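See structure below.
Values quoted throughout were computed directly from the atomic coordinates according to the rules given, and no laboratory measurement underlies them. Because the structure is a prediction, the values reported are computed rather than measured. For neighbour counting, all protein chains shown are included, and Cβ atoms are generated from backbone atoms with ideal geometry for every residue, glycine included.
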Amino acid sequence: MKDPIKGFSKLSKAAKLEWLVTNNFEDAEAARTVLTAYWHEDEALQKRHDEFIENTMSNFYMPYGVAPNFKINGKLYTVPMAIEESSVVAAAAKSAAFWMTRGGFKTEVLGTEKIGHVHFMYTGDASALKEDFSSLEQELLQATAELTANMVARGGGITSIKLIDATDRLEDYYQLEVTFETCDSMGANFINSNLEEMAKCLENFTDNHERLDANSLEVVMRILSNYTPRCIVRAGVSCPVEELASEGVSATEFARKFKRAIAIANAEPYRATTHNKGIMNGIDGVIIATGNDFRAVEAACHTHASRSGSYKSLTGCSVENGVFTFWIEIPLSLGVVGGLTKLHPLVVKSLEMLGNPGAEELMGIVAVSGLAQNFAALRALVTTGIQKGHMKMHLMNILTQLEASSEEKIHIANYFKDKVPHHREVVNYFCELRGVPVPKVGQ
Ligand code: MEV
């Protein structure tokens, strides 16, 4: 077992690296070589990355791809995606091209309000809190006036404060539920700072109120919620059914099976999880490329998918009067200012590539990317199956793992042009080409 280390975060980067490679790897030199190979030669840029988090030892590269030809509300976008899964960008580009000639994607932001809570316990009689809530509300607004001034000037701020009696869910549990408009920022720091100020104000209010007992109050947490059911965007596509013929499947058959596929995701959480995972392939790639918080978006989308009490599809589909309509409606809390947006040079370029959208426009682009990904997945699933496209994109990974030369890669890619390149078959063909024995299964 390793010895624990004290005060690691206070060491210099060089000392941290020294400790890391000598205490955690069999070959310290080899580990050092790999970790430092990814350091940026521009020291100022590297320092910026070092400072994003604590104990930065290296940079973790992800492919940064683009999917062109996304027609959204009549405007053409090239969408940046940071993602490691081989088929995602190709799928996005394919869907974008498909829908570009069928009217493109339409989006609508249905709300932009975010929510945060002061979670507290009150063990006494809370009726005075309820009766005098309007004076508490005024005090809360006054206490946060300085913090909200800039946001108010930009058109945002606190939009409502409610006292929620949640004692039916948990004994003595109450909340201050506060909603915010945070304009073009995701607003996490803004919301949390306000909630922390509000918690102090609540304590003072209880302390100074003759019918309330400060000893009966315990503020447990003050934190935004990443579930943002009032910060919602809808994106959709629509076309006559007859324009849907695909991969040898008739248009009517395609529309019928596509609709069924969504019905199955709505009826079966096992399938819904994979269905929504495919949607998140499209969403996360853009979220990361634009410097947003993919964990927050993931959490919100999965809560949204479960809002009925069982986990369902994030997308919907209808076929009516010969028209196929396909849509997504999801909570997306995004920012185009603050966070990494001005700090990470690639994030700056991603936003510029998208025409420096506001947060609402970006919500639309991200939702479209999720919808496009789901369209590509379902289109493949109800026709040829996904392995054909997926393994084709994955073929290069397999060949790189086999240390194939560039010539061998070209030759093998050509051989598998019209075949599904299953792993074993690629290995077999590679060995045959090289004239070496095929390794036994498991080797
Ligand atoms: C793979 O990353 C995503 C899919 O499995 C999604 C789906 O099945 O809908 C293809």
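Observations on the model:
- Estimated translational diffusion coefficient (Stokes-Einstein, Kirkwood radius over Cα pairs, 37 °C, 0.692 mPa s) of region 8-50: 294 µm² per second.
- Highest mean packing first, where packing is the average number of other Cβ atoms within 10 Å per residue, the peptides 357-368, 67-78, 214-225 line up as 357-368, 67-78, 214-225.
- When every Cα-Cα distance of region 389-434 is counted in 10 angstrom steps from zero, the calculated P(r) takes the values 30, 65, 5 percent.
- In summary, the helical segments of the chain meeting the span-like criteria, namely a full DSSP H run, a Cα extent along the axis of 27 angstrom or more and a mean Kyte-Doolittle hydropathy of at least 0.5, are 359-381.
- Ranked by the mean number of other Cβ atoms within 10 Å of their residues, highest first, the peptides 140-146, 30-36, 293-299 come out as 293-299, 140-146, 30-36.
- As computed over region 113-224, the Cα convex hull volume per residue (Å³): 90 Å³
- Convex hull per residue volume in Å³, alpha carbons only, for the chain: 222 Å³
- Highest-first arrangement of 395-408, 185-198, 340-353, 95-108, where packing means the average Cβ count within 10 Å: 185-198, 95-108, 340-353, 395-408
- Proximal aspartates and glutamates relative to Lys440, as straight alpha-carbon distance under 16 Å, when same-chain residues fewer than 8 apart are discounted: Glu425, Glu432
- Within the chain: Cβ-based charge dipole about Cα centre, in debye rounded to nearest 20 (Lys, Arg +1; Asp, Glu -1): 2120 debye
- If the Kirkwood radius is taken over C-alpha pairs of region 312-443, then at 20 °C and 1.002 mPa s the Stokes-Einstein diffusion coefficient equals 113 µm²/s.
- Cross-link reach is defined here as a Cα-Cα straight distance under 16 Å, omitting same-chain residues fewer than 8 places apart; for Lys259 the aspartates and glutamates meeting it are Glu242, Glu243, Glu268, Glu320.
- Part-to-part distance (alpha-carbon centres) for region 259-302 and region 374-394, which is given in Å: 17 Å
- Comparing Glu210, Glu84, Glu177 in a Gaussian network model of the chain (Cα springs below 10 Å), the most mobile by mean-square fluctuation is Glu210.
- Built amide H within the under 5 Å cut-off of Ile72, gap 5+: Tyr77, Phe105
- For the chain, adding -39500 (n - 2.57) for each run of n ≥ 4 DSSP H residues and dividing by the number of residues yields -15000 deg cm²/dmol at 222 nm.
- Across the options Thr400, His411, Pro421, the greatest Cα extent toward the positive end of the charge dipole of region 389-434 (unit charges at beta carbon of Lys, Arg, Asp, Glu) belongs to Pro421.
- Taking a straight Cα-Cα cut-off under 23 Å and skipping sequence neighbours fewer than 8 places away in the same chain, the lysines within cross-link reach of Lys6 are Lys16.
- Mean separation of Cα contacts under 8 Å (6+ apart) over length of the chain, as relative contact order %: 17 percent
- For region 200-242 versus region 72-124, the spacing of their alpha-carbon centroids is 24 Å.
- Considering only the chain, percent of DSSP beta bridges that pair antiparallel, nearest 5: 95 percent
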